[in-house]
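Below: one structure, written as structure tokens.
The values are calculated or read from the model by the stated rules, or taken from the named source; none is laboratory data. Bear in mind that the values here come from a model prediction, so they are computed numbers and not experimental data. Cβ: placed from backbone, ideal geometry, glycine included. Neighbour counts: every protein chain shown.
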Amino acid sequence: MINMIWAMDENNLVGKGDRIPWHIKEDLLYYKSKTKGQTVLMGDTTYFSLKGYYKDKPLPYGKIYVATIDKSLVIDGCEMVYDIISFLKRVDFDLWVVGGATIYKLSLPYADRLYISFVKGTHEGDRYFPTIDYSKYKLAWENESEQVRYTLFEKVK
Ligand SMILES: NC(=O)c1ccc[n+]([C@@H]2O[C@H](COP(=O)([O-])OP(=O)(O)OC[C@H]3O[C@@H](n4cnc5c(N)ncnc54)[C@H](OP(=O)(O)O)[C@@H]3O)[C@@H](O)[C@H]2O)c1
């Protein structure tokens, strides 16, 4: 099962440089409650950005797959993914795709479940999620707060 989880604003914005464009604590807690201890896939940009936050502390996931096209890049404690498409085609376990923009775009066709946090309003930034064809999914769950609409979309088989 391939799960994707991200937050985006009303323009599908997800990032600003290597950072998230907003700071919404409740969404961070929601994200952590879903991904803590899980097997995750992320791009190298997102990995190094997270390392900047966590510094010497371990990232709060289980196994970490890091996608890069730089075959000389090896990160201690992580599994490297140099060919993301053949990797995604082979996934037969619970995987959480946690960004960033490039990795979301490449993974979307293979994802079974989309955990989307719709951040209300618009923000400044330069990394966007691609347009989603919602006719391929059904809304399985939603919950709304003042700042965010939390949703789960499941792929229609
Ligand atoms: N809003 C959210 O929920 C959320 C969550 C996570 C991240 N983000 C944001 O997303 C942004 C980062 O996104 P990004 O697109 O710059 O970086 P990214 O998706 O984290 O990583 C991109 C990297 O993936 C590698 N890659 C590209 N194609 C590949 C392929 N076919 N196979 C294997 N690896 C491949 C490339 O590595 P090379 O270096 O080798 O070229 C590329 O630099 C940041 O702003 C971050 O804050 C937002």
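Can you tell me which residue in the range 27-50 is nearest to Tyr110 (Cα to Cα), limited to those that are away from the ligand (no atom under 12 Å from the Cβ) and without any contact (Cβ under 8 Å) to a residue 24 or more places away in the chain? Among them, the one singled out is Ser33. Residues that are surrounded by fewer than 19 Cβ atoms within 10 Å (Cβ to Cβ), acidic (Asp, Glu), part of a loop (DSSP other than H, G, I, E, B) and in contact (Cβ under 8 Å) with a residue 12 or more places away in the chain: does the range 61-71 have at least one? Yes, that holds for at least one residue.
Applying the selection to the range 72-91, what residues are part of a loop (DSSP other than H, G, I, E, B) and of a type in the set (S, T, N, Q)? Correct list: Ser72 only.
Inspect all residues belonging to the range 67-85 and state whether any of them is at positive phi and more than 8 Å from the ligand (Cβ to nearest atom).
The first filter runs over the range 67-85 and keeps only residues at positive phi, leaving 77.
Keeping just the survivors that are more than 8 Å from the ligand (Cβ to nearest atom) gives 77.
There is at least one residue in the range 67-85 that is at positive phi and more than 8 Å from the ligand (Cβ to nearest atom).
Residue count for the range 86-105 under the criterion of being within 12 Å of the ligand (Cβ to nearest atom), over 13 Å from the mean Cα position of the chain (by Cα), surrounded by 12 or more Cβ atoms within 10 Å (Cβ to Cβ) and not aromatic (Phe, Trp, Tyr): the result is 1. Test Glu10 against the stated conditions and say whether it is more than 14 Å from His123 (Cβ to Cβ) and either more than 7 Å from the ligand (Cβ to nearest atom) or not charged (D, E, K, R) (or both). Taking the combined requirement at face value, the residue does not satisfy it. Close contacts from the range 8-20, counting a first residue that is in a strand (DSSP E or B) and a second that is at pLDDT 95 or above and β-branched (Val, Ile, Thr), with Cβ to Cβ under 8 Å and a gap of 6+ residues or different chains, come to Met8/Val14; Met8/Ile116; Met8/Val119; Leu13/Thr122; Val14/Ile20.
Scanning the range 100-153 for residues being in contact (Cβ under 8 Å) with a residue 40 or more places away in the chain and basic (Lys, Arg) gives a total of 3.
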